[in-house]
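What follows is one structure encoded as structure tokens, with my remarks underneath.
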Amino acid sequence: MSGTIQGLTFYFLDGKQVVRAAGGGFNGEAIKTKASMVRVRENGSEFKRCMHDVAFFKEMLQPYLLFLKDGKLHQRLVRLFAQVKALDPFSARGQRNFALGLTTDEGRGLLQGFVLTQGATFENTLRHSFSFDFAIGLHVPNCLGASLFVDTPATHFELVLRFVMLDTSAQFSYFESEKIMLNGHFTGDVTLNVPTLPEGHSCVVVAIGRFFQEVNGSLYPMANGVMEVVGCGLL
């Protein structure tokens with residue numbers, strides 16, 4: 001990424017990510033030692049931790065992110081994680097982190113509805129209303145499969161939920177629901193249930209929808225679909 005965040009400027013030099021104090025005029029030793037640069041050191045420490053958490057969060061969503069790419073996703077996630085980190089109610093400045101920011105209602109609210117892919121939202125892709133809660137799961141009432149395939153050569157649509165778990169020590173793990181494959185002939189309700197999840201974790205629920213095309217009896221994934229945070233809870 002490039003740009004300035006919280007007093008730090010990020011840019012690429014010879015293909016490598018470089019960070020310096022915004023505005024220039026300070027060398028590395030000054031940033032490390034000068035009392036006037038304490039805020040820069042704090043911001044740098046927190047930003048480094050955010051970058052680490054973003055990398056692990058994206059890893060929890062593989063391989064789907066490989067199929068449904070958004071060239072600006074990393075930058076958008078870094079900005080979002082920094083906002084959630086700033087809500088950490090327990091840690092001193094310089095030690096605040098995303099995991100503890102996510103324990104707050106406001107922090108979880110920032111993630112709710114976040115679309116990880118380009119283009120349409122989950123609801124607009126489905127062309128149906130839906131609901132999610134941790135008791136029932138994802139529910140799409142009165143789904144008409146034919147409406148999914150307007151203006152696309154796709155013949156099938158796969159639905160799955162990925163549950164990204166995070167404890168207060170910033171350890172990531174994930175669980176996944178069963179997968180449902182819909183075609184243009186489907187009519188009825190769609191429900192994806194919540195698997196048994198560990199307590200004492202924050203949970204970010206990402207709904208993933210991918211289009212497939214059937215050719216000579218085989219299904220081939222297409223490079224379009226949607227990934228959106230449809231639930232965020234403290235278990």
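The values are calculated or read from the model by the stated rules, or taken from the named source; none is laboratory data. Fair warning: this is a prediction, and the values are worked out from it, not measured in the lab. Cβ atoms come from the backbone with ideal geometry, glycine included; neighbour counts cover every protein chain shown. Ligands, DNA and RNA are stripped out before the accessible areas are found, and what is left, the full protein with its side chains, is counted by its heavy atoms. Shrake-Rupley method; radii C 1.70, N 1.55, O 1.52, S 1.80 Å.
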Whole-Hz ³J(HN,Hα) for each residue in region 103-111, computed from phi via Karplus 6.51 cos²θ - 1.76 cosθ + 1.60 with θ = phi - 60°, x for glycine and proline: what do you get? 6, 9, 4, 5, x, 5, x, 5, 7
Less than 18 Å from a label point 7 Å out along the Cα-to-Cβ axis of Leu197: which backbone N atoms in region 66-90 qualify, by residue? none
For Gln62 and Leu219, FRET efficiency with R0 = 30 Å and r from the beta-carbon atoms, rounded to 0.05? 0.90
Of the heavy-atom accessible surface of region 85-142 (probe 1.4 angstrom), what whole percent is carbon and sulfur? 50 percent
Let me know the shape class of region 192-235, please: from the alpha-carbon gyration tensor, a ≥ b ≥ c as square roots of the eigenvalues, rounded when a/c is under 1.5, otherwise prolate if a/b is greater than b/c, or oblate. prolate
Applying the gyration tensor rule to the Cα atoms of region 91-130 (axes a ≥ b ≥ c; rounded if a/c under 1.5, else prolate if a/b exceeds b/c, else oblate), the class is prolate
J(HN,Hα) series, region 142-149, from Karplus relation 6.51 cos²θ - 1.76 cosθ + 1.60, nearest Hz, glycine and proline x: 6, 6, 10, x, 4, 6, 6, 10
Simple spin-label model, 7 Å along Cα-to-Cβ: Gln75 to Asp105 in nm? 3.4 nm
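Counting other Cβ atoms within 10 Å, keep those with at most 14, restrict to DSSP loop, and tell me which GluC sites (Glu not before Pro) in region 153-235 are left.
Filter output for region 153-235: Glu178, Glu199.
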Whole-number accessible area per residue in Å² for region 96-187, which is evaluated in the context of all protein chains at 1.4 Å: 46 Å²
First measure r as the distance between the Cβ atoms of Thr152 and Ala92, then evaluate 1/(1 + (r/R0)^6) with R0 = 45 Å and state the FRET efficiency to the nearest 0.05. 0.30
What are the residues whose amide H is under 5 Å from the amide H of Cys232, where those residues sit 5 or more places off or on another chain and H is modelled from the backbone? Val205
Whole-number Å³ per residue for the convex hull built on Cα positions in region 48-90: 71 Å³
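Classify region 94-235 as rounded, prolate or oblate from the Cα gyration tensor: take a ≥ b ≥ c as the square roots of its eigenvalues, call it rounded if a/c is under 1.5, otherwise prolate when a/b beats b/c and oblate if not.
Cα axes put region 94-235 in the prolate bin.
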